[in-house]
Structures are given as structure tokens and as C-alpha cells.
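Below you'll find the structure, written out as C-alpha cells, and then a few comments.
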Amino acid sequence: MLEVKNLCKHYGGIKAVDGATFTVERGSITALIGPNGAGKTTAFNCISRTVTPTSGEVWLDGVRIDQLRPHKITSKGLSRTFQISRNLSDMTVIENVIVQSRVDGIRGLLRPAMSAEEKDKAMTILDFLGITRIAYEDGHNLSYGQKKLMDLAALLMSDPKIILLDEPAGGVNPSLMEEIIGHIRALNEKGLTVLIVEHNMDLIMRLSHKVVVMAQGRVICEGPPEVVRKDPHVLDAYLGGVLEEEAA
Amino acid sequence: MTVTLQQSSASSVLKARRAHNEKLARKADQTRATWFPLALLAILVALPLLQFVGNYNYVLHLVLFTASYVAMASGWNILGGFAGYVSLGHSVFFGVGGYFAGMLLARYGISTIITAPLAGLVAAVLGYLIGLITLKVRGPSFIISSIALLMIARILFDNWEFVGGANGLTLPTNDLPVQWAKLPYYYAMIAIAAFTVWATYRIKHSKFGLGLRAISKDEIKAESAGIDTRFYKVMAFAFSAFFVGMTGAVWGEYLTYLRPNIFLLILVSANLVLMSILGGKGTIAGPVVGAILIVALNEFFVATMGASEINILGTGLVMAVGLIFFPLGLIGTLAKKGKLPRVLNWD
């Protein structure tokens with residue numbers, strides 16, 4: 001469904017992403033892991049075009065999307081969250097969610113900010129995530145965990161086909177993490193494809209169908225979690241070793 | 001294929017929530033007093049009746065002058081308040097509107113009151129084109145680019161002989177008796193101001209307005225939320241230029257002359273910024289209250305201290321002290337504290 005081909009992002013001499021190639025199958029939960037600085041978030045940013053890739057291609061359902069602007073990518077059905085929750089303060093949770101709903105054409109721009117149907121849909125999503133009680137709370141009054149849930153709610157508002165989650169459980173307490181895992185699994189069971197960047201190995205191993213391991217901007221291994229965790233390259237990368245080809 | 005969430009098992013909870021939200025919405029409606037701006041408008045429309053009992057030209061002039069600033073500050077608010085792009089170059093659109101309609105008046109004798117919407121449109125097109133270039137940067141860079149725009153426009157108009165260069169040009173006066181001479185411009189300006197306030201209200205409560213608010217908070221997030229940020233920003237620039245251009249058109253004929261050092265002054269732009277900030281950026285009533293306050297303060301200090309430098313100091317002091325106690329502007333701060341009087345809640 002999502003194909004990343006030879007993706008590169010160079011910042012001057014630093015090759016943050018250096019020829020990453022991987023695919024995300026429809027209906028799967030795919031995890032992107034790797035040590036700090038492996039280029040996971042940069043790869044994410046390139047896919048959602050938050051940063052412009054230096055080279056490479058990204059295809060979504062057979063359509064090349066790496067030259068589209070971010071809002072177009074969102075309207076093609078790919079939505080993302082940010083590592084550090086970026087919410088719109090001074091806007092209520094429900095506004096934060098509804099801002100993500102689709103607007104078509106000039107006439108769409110002029111219709112009321114929140115229609116009754118949109119409010120209903122937003123409340124249904126908030127109910128699914130169990131946070132209806134904060135619907136009219138100001139965005140910046142939320143706890144970190146609530147912000148993560150609000151981000152997830154906002155994603156769902158845009159009717160995505162695939163969601164990219166950047167550390168959805170980063171910095172949240174274990175019980176909330178369980179809740180988030182439950183939500184992601186439930187969404188996946190409804191047919192949503194998920195690509196996830198996460199440091200929490202426990203979460204990755206339990207949740208994902210496929211794991212893509214990056215180190216130094218490249219994909220060094222991919223496969224089912226139980227295979228990946230035993231791969232010598234992966235152990236090497238995580239334990240601070242160097243890649244073979246670099247050592248040579 | 002998209003994922004739809006069914007009404008979950010907890011739909012009774014949802015129903016209760018919905019009832020609760022409706023209650024909240026009703027409560028919000030009750031704190032809003034739409035009758036107040038309408039009553040204010042009615043009083044202003046009836047105000048010229050005073051001319052039957054005496055000469056109140058000064059009062060009419062003050063209201064007209066304030067209305068022009070209400071319109072311009074509210075227009076500025078679309079870009080500066082909603083989208084968060086502070087422009088110090090809006091006097092360019094004031095000038096373009098004034099000159100465009102003024103030239104039509106001078107050449108073809110068509111009143112600017114008729115051509116004002118057209119002048120606004122010209123300003124909007126110019127705003128759109130300039131926005132395409134300058135809205136690529138934000139923060140201080142954008143402010144500086146807007147000042148640069150103003151300087152370029154000033155040099156251009158100072159040297160453009162066709163429109164009279166630095167000397168400007170005189171426009172024909174109307175032939176109404178002096179008692180009624182201000183009336184057409186008075187009503188035109190009130191209408192423009194009312195239309196602008198109404199339009200900013202509509203914009204704020206539309207998808208467009210929600211998008212602009214998102215842009216002002218976090219542009220990257222807004223873009224990844226599916227908002228075409230470039231288009232939204234440029235449209236905001238065009239809309240805000242439209243209202244300022246319309247005001248400029250009528251102002252030119254009212255003054256009966258056009259000159260670059262009247263229209264293309266940074267003081268005019270700075271006033272728009274100050275009014276919006278003092279009243280409350282991003283609120284509907286803010287620029288209105290700000291415009292009234294600043295015009296009133298100016299008049300008061302000029303009357304009491306004379307047109308010396310001290311009167312400027314007086315206005316400045318009041319502004320500084322005001323912003324210390326009302327950092328989000330009068331309306332913004334009061335609303336945040338839940339102390340906004342009903343009559344001023346226009347949002």
C-alpha cells in the first residue's frame with residue numbers, strides 16, 4: 001500500500017536518511033524502529049512531506065506522493081501524528097479534531113466551522129477513545145497523554161487509509177500505553193493500515209506484524225518481530241556496534 | 001477504503017454528552033448579545049438628525065473617522081489576528097483603494113461610494129499577488145517585508161506623475177450644503193465598517209476561519225491536518241486588503257485630495273496594529289473597541305494638551321499601561337478571565 005523507494009534526506013554532509021527502502025502492506029501494523037539518530041522520524045517527515053526528501057520515491061496505492069504538498073497527501077488518505085504532540089492551543093479539543101476534517105472547494109471554505117454532522121462524528125471518535133469528557137477543554141490545558149489521544153482523534157477525523165504514528169506511547173504511563181495499544185489494535189482490526197515509530201520494544205513486539213529496522217539512515221533488516229529481534233545486525237545496531245560494511 | 005467508527009456500545013454516554021454539549025452551546029448563545037452592535041448601528045444611522053438642531057459636523061467627522069479605522073482594523077485582523085501574520089504595510093491597500101477610486105472620480109466623475117467595492121477588489125488582487133511572495137516567511141521577516149512593501153509603494157506613488165506624484169491631486173467636492181456635505185461619506189463609511197465587522201464574524205466562524213486559527217498556532221500541524229496553508233494565507237491577505245482598500249476609496253473623496261504622504265504612511269498601518277492589539281487580536285469586537293479607544297484618546301489628549309508632542313506621549317502611556325493589565329487586549333483578556341460583559345461578546 002505504501003512503498004518507500006530509495007528515500008534520501010541529506011542535511012549538508014549529514015545523511016539523515018540514506019537510501020531507505022521498505023513497504024507497508026495494506027491492513028498491517030508496521031513498525032519502524034532503530035537507535036536514536038537512525039533517521040526514523042526524518043523518514044516519517046519525508047513520507048508526509050513535512051520535509052522535502054533529497055531524492056527517492058514514495059508511492060501510496062500506486063500514486064506517487066513525494067512531490068505533493070502535505071495537505072494533498074493528507075487528502076489522499078495518509079495522516080500523521082508528531083513525536084512531540086503538536087496541538088493547537090487556544091482551540092478546544094473538538095476544534096482540534098474538526099480542523100482535520102476534509103474541506104472541498106471554495107464553497108467548502110465558507111461553510112460553518114463545525115457542522116452538526118462533524119460534531120457528531122468528532123464526538124463518536126472521542127467516545128471511541130474514551131475522552132468525550134474533555135471535548136470542550138482548551139487544547140493547552142490537557143495532560144501529555146490526553147494530547148496524544150487528541151492527536152489520534154484528529155487523525156481519524158480525516159478518514160485516513162493509513163496513519164503514521166510517531167511515538168504514540170512516548171512519555172505516557174503504562175496504563176495509558178495499554179489503552180493506546182488497544183486503540184491502535186482496534187483501528188487496525190477495522191481495516192486501517194498503521195505505520196508506527198516507537199522506542200518501546202514491548203509495544204512493538206506485541207503490536208506489529210512487521211518490523212523495519214533502520215540504522216544510520218538505512219534499512220538494515222525487516223521482517224516479523226520474532227525474526228527481527230534475533231537478527232545480528234539489529235543487535236549490533238542497538239548495542240552500539242558498527243555496521244559491517246562500515247567496519248570493512 | 002476508509003474506516004468508520006460505529007456508534008459504540010456506550011451510545012447512552014454519547015447521548016448524555018450530546019445533551020450536555022447542547023446545554024453548553026445554549027449557554028454560549030445566552031452570553032452573546034447580538035442586539036448591542038445592532039442597536040449601536042441604529043444610533044449611528046440616526047445620529048445625523050442632530051444636524052437639524054445645530055451644527056454637529058465635528059461629531060459626524062469623529063464617527064466617520066472612527067468607522068474608517070474600525071473597518072480597516074477589522075480587515076487587518078483577518079490576516080494579523082486570525083492567521084497571525086502581523087502586517088505593517090496595510091496602508092498600501094488604503095492608498096491603492098484611495099487612488100484607484102479617486103482617479104475614477106477625477107477622470108470620469110463616478111463617486112467613490114459607487115466604486116469602493118471595485119477599489120477593494122483591486123486592493124484584494126494586489127494583496128493576493130503580494131501575499132504569494134511575502135507570505136513565504138513569517139514572524140519578524142514578514143513584518144519587515146510588509147514595511148518594505150510600503151516603502152516601495154511610497155516611492156512609486158511619489159514619482160508617478162499620472163497620479164500627481166508627491167503633490168497628489170485634488171478631487172472635486174460635492175455640491176451639498178456644508179451641513180449635509182459629510183453625510184454620503186458618513187453613511188458609506190458606517191456601511192463599510194458594519195459590513196467588515198459582519199464579514200470578519202462570518203469568516204471567523206467558517207472553515208476558512210478555523211483553518212486560519214490553526215495556521216496562527218502551528219503552521220506545520222495545520223498543513224499536515226489537510227489545510228492548504230498557502231492558499232488560506234494568501235486568501236486572508238486578499239480579504240484583509242479588500243476591506244482596507246474599500247475604506248481608502250471613500251476616505252479619498254471625503255478628504256477631497258489624494259497625496260502619498262496622507263495615504264502611504266506607516267502611521268496608518270501602525271494604528272491598525274495598535275488598535276487590534278489594544279482591543280484584542282483575533283476577536284471580533286477587539287478592533288472595534290481598539291479603534292474607538294485610540295481615536296477617543298487621541299482626541300482627548302489633543303484637546304487637553306494641544307497638538308504638541310505630549311499628546312502622543314499621553315496616548316502611548318495609556319496604551320502601555322493598558323497592555324500591562326490586558327496582555328491579550330481588552331476583549332481577549334476579559335474573555336479569557338470570563339469577565340467579558342455580554343454586550344462586548346460578538347464572537
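What about A:R69, is it among the basic types (K, R), under 16 Å from the mean Cα position of the chain (by Cα) and within 14 Å of chain B (Cβ to nearest Cβ)?
no
Could you list, in sequence order, all residues of the stretch A:155-179 that are in contact with a helix residue (DSSP H, G or I) (Cβ under 7 Å, 6 or more places away or on another chain), assigned to a helix (DSSP H, G or I) and within 22 Å of A:L32 (Cα to Cα)?
Once the filter is applied, which keeps residues that are in contact with a helix residue (DSSP H, G or I) (Cβ under 7 Å, 6 or more places away or on another chain), assigned to a helix (DSSP H, G or I) and within 22 Å of A:L32 (Cα to Cα), the stretch A:155-179 yields A:L156, A:L176, A:M177.
Go through (1) on the phi < 0 side of the Ramachandran plot; (2) assigned to a loop (DSSP other than H, G, I, E, B); (3) more than 22 Å from the chain's Cα centre (by Cα) for A:Q100 and report which single condition fails.
(3)
Mind checking which pairs have a first residue in the stretch B:91-108 that is surrounded by fewer than 24 Cβ atoms within 10 Å (Cβ to Cβ) and a second that is of a type in the set (D, E, K, R), Cβ under 9 Å, 6 or more apart or different chains?
Final answer for the pair search is B:L105/B:E253.
Testing A:R49 on (1) within 14 Å of chain B (Cβ to nearest Cβ); (2) over 14 Å from the mean Cα position of the chain (by Cα); (3) among the basic types (K, R), one condition comes back false. Which one is that?
Every listed condition holds for A:R49 apart from (2).
Which one of the conditions (1) surrounded by 24 or more Cβ atoms within 10 Å (Cβ to Cβ); (2) closer than 19 Å to B:S87 by Cα does B:A222 fail to meet, given that it meets all the rest?
(2)
Just one of B:L212, B:L149 is within 14 Å of another protein chain (Cβ to nearest Cβ), under 25 Å from the mean Cα position of the chain (by Cα), in a helix (DSSP H, G or I) and touching a residue at least 12 places away in the same chain (Cβ under 8 Å); which is it?
B:L212
Give the residues of the stretch A:61-85 that are in contact (Cβ under 8 Å) with a residue 24 or more places away in the chain and closer than 16 Å to B:I220 by Cβ, sorted by residue number.
Result: A:I73, A:T74, A:L78, A:S79, A:R80, A:T81, A:F82, A:Q83, A:S85.
Identify all residues within the stretch B:217-235 that are free of Cβ contacts under 8 Å to residues at least 40 places away in the same chain and either assigned to a helix (DSSP H, G or I) or more than 7 Å from chain A (Cβ to nearest Cβ) (or both); write none if there are none.
B:I220, B:K221, B:A222, B:E223, B:S224, B:T229, B:F231
This table checks each residue for (1) assigned to a loop (DSSP other than H, G, I, E, B); (2) at pLDDT 85 or above; (3) touching a Phe, Trp or Tyr at 6+ places or on another chain (Cβ under 7 Å).
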site: A:V194; (1), (2), (3): no, yes, no
site: A:H199; (1), (2), (3): yes, no, no
site: A:I204; (1), (2), (3): no, yes, no
site: A:V219; (1), (2), (3): no, yes, yes
site: A:E222; (1), (2), (3): no, yes, yes
site: A:E226; (1), (2), (3): no, yes, no
site: A:V234; (1), (2), (3): no, no, no
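Being part of a helix (DSSP H, G or I), farther than 23 Å from B:L121 by Cα and not basic (K, R): is that true of B:L267 here?
When the stated conditions are applied, B:L267 passes them.
Of everything in the stretch B:179-209, what is part of a helix (DSSP H, G or I) and within 13 Å of chain A (Cβ to nearest Cβ)? Give them in sequence order.
B:A199, B:Y201, B:R202, B:I203, B:K204, B:K207, B:F208, B:G209
Go through the stretch A:84-136 residue by residue and tally those that are within 7 Å of another protein chain (Cβ to nearest Cβ), touching a strand residue (DSSP E or B) at 6+ places or on another chain (Cβ under 8 Å) and within 21 Å of B:T283 (Cα to Cα).
9
Kindly indicate which of A:T74, A:T124 is among the hydroxyl-bearing types (S, T, Y), under 25 Å from A:N45 (Cα atoms) and either at pLDDT 85 or above or part of a helix (DSSP H, G or I) (or both).
That would be A:T74, the only listed residue that is among the hydroxyl-bearing types (S, T, Y), under 25 Å from A:N45 (Cα atoms) and either at pLDDT 85 or above or part of a helix (DSSP H, G or I) (or both).
When you go through B:A238, B:A249 one by one, which is the residue that is within 14 Å of another protein chain (Cβ to nearest Cβ), closer than 30 Å to B:N159 by Cβ and either buried (at least 24 other Cβ atoms within 10 Å of the Cβ) or not β-branched (V, I, T) (or both)?
The match here is B:A238.
Would you pick out the residues in the stretch B:123-172 that are surrounded by 13 or more Cβ atoms within 10 Å (Cβ to Cβ) and of a type in the set (S, T, Y)?
B:Y128, B:T134, B:S145, B:S146, B:T170, listed by residue number.
Could you please let me know if A:M214 is touching a helix residue (DSSP H, G or I) at 6+ places or on another chain (Cβ under 7 Å) and either within 26 Å of B:I203 (Cβ to Cβ) or free of Cβ contacts under 8 Å to residues at least 12 places away in the same chain (or both)?
no
Is one or more of the residues making up the stretch A:152-164 crowded, with 20+ Cβ neighbours inside 10 Å and touching a His at 6+ places or on another chain (Cβ under 9 Å)?
Checking the stretch A:152-164: at least one residue is crowded, with 20+ Cβ neighbours inside 10 Å and touching a His at 6+ places or on another chain (Cβ under 9 Å).
Assess whether A:I29 counts as being of a type in the set (A, V, I, L, M), closer than 30 Å to A:R133 by Cα, touching a Leu at 6+ places or on another chain (Cβ under 6 Å) and within 14 Å of chain B (Cβ to nearest Cβ).
Spelling it out, A:I29 is indeed of a type in the set (A, V, I, L, M), closer than 30 Å to A:R133 by Cα, touching a Leu at 6+ places or on another chain (Cβ under 6 Å) and within 14 Å of chain B (Cβ to nearest Cβ).
Among the numbered criteria (1) outside any helix (DSSP H, G or I); (2) buried (at least 23 other Cβ atoms within 10 Å of the Cβ), which single criterion is violated by B:D175?
The single condition B:D175 does not satisfy is (2).
Do we have A:K40 as more than 21 Å from A:T193 (Cβ to Cβ), surrounded by 16 or more Cβ atoms within 10 Å (Cβ to Cβ) and either touching a residue at least 40 places away in the same chain (Cβ under 8 Å) or not basic (K, R) (or both) here?
It is false that A:K40 is more than 21 Å from A:T193 (Cβ to Cβ), surrounded by 16 or more Cβ atoms within 10 Å (Cβ to Cβ) and either touching a residue at least 40 places away in the same chain (Cβ under 8 Å) or not basic (K, R) (or both).
Of (1) in a loop (DSSP other than H, G, I, E, B); (2) at pLDDT 85 or above; (3) hydrophobic (A, V, I, L, M, F, W, C), A:L88 satisfies all except one. Which?
(2)
So if I check each of A:V219, A:V194, A:V172, A:V228, which one is over 27 Å from A:G77 (Cβ atoms) and crowded, with 20+ Cβ neighbours inside 10 Å?
Of the residues listed, the single one that is over 27 Å from A:G77 (Cβ atoms) and crowded, with 20+ Cβ neighbours inside 10 Å is A:V228.
Do we have any residue at all in the stretch B:312-320 that's within 24 Å of B:T200 (Cα to Cα), crowded, with 16+ Cβ neighbours inside 10 Å and touching a residue at least 40 places away in the same chain (Cβ under 8 Å)?
no
The values are calculated or read from the model by the stated rules, or taken from the named source; none is laboratory data. The model shown is predicted, which means the values in this text are computed figures rather than measured ones. Using ideal geometry, Cβ is built from the backbone for each residue, glycine included, and neighbour counts are taken over all protein chains shown.
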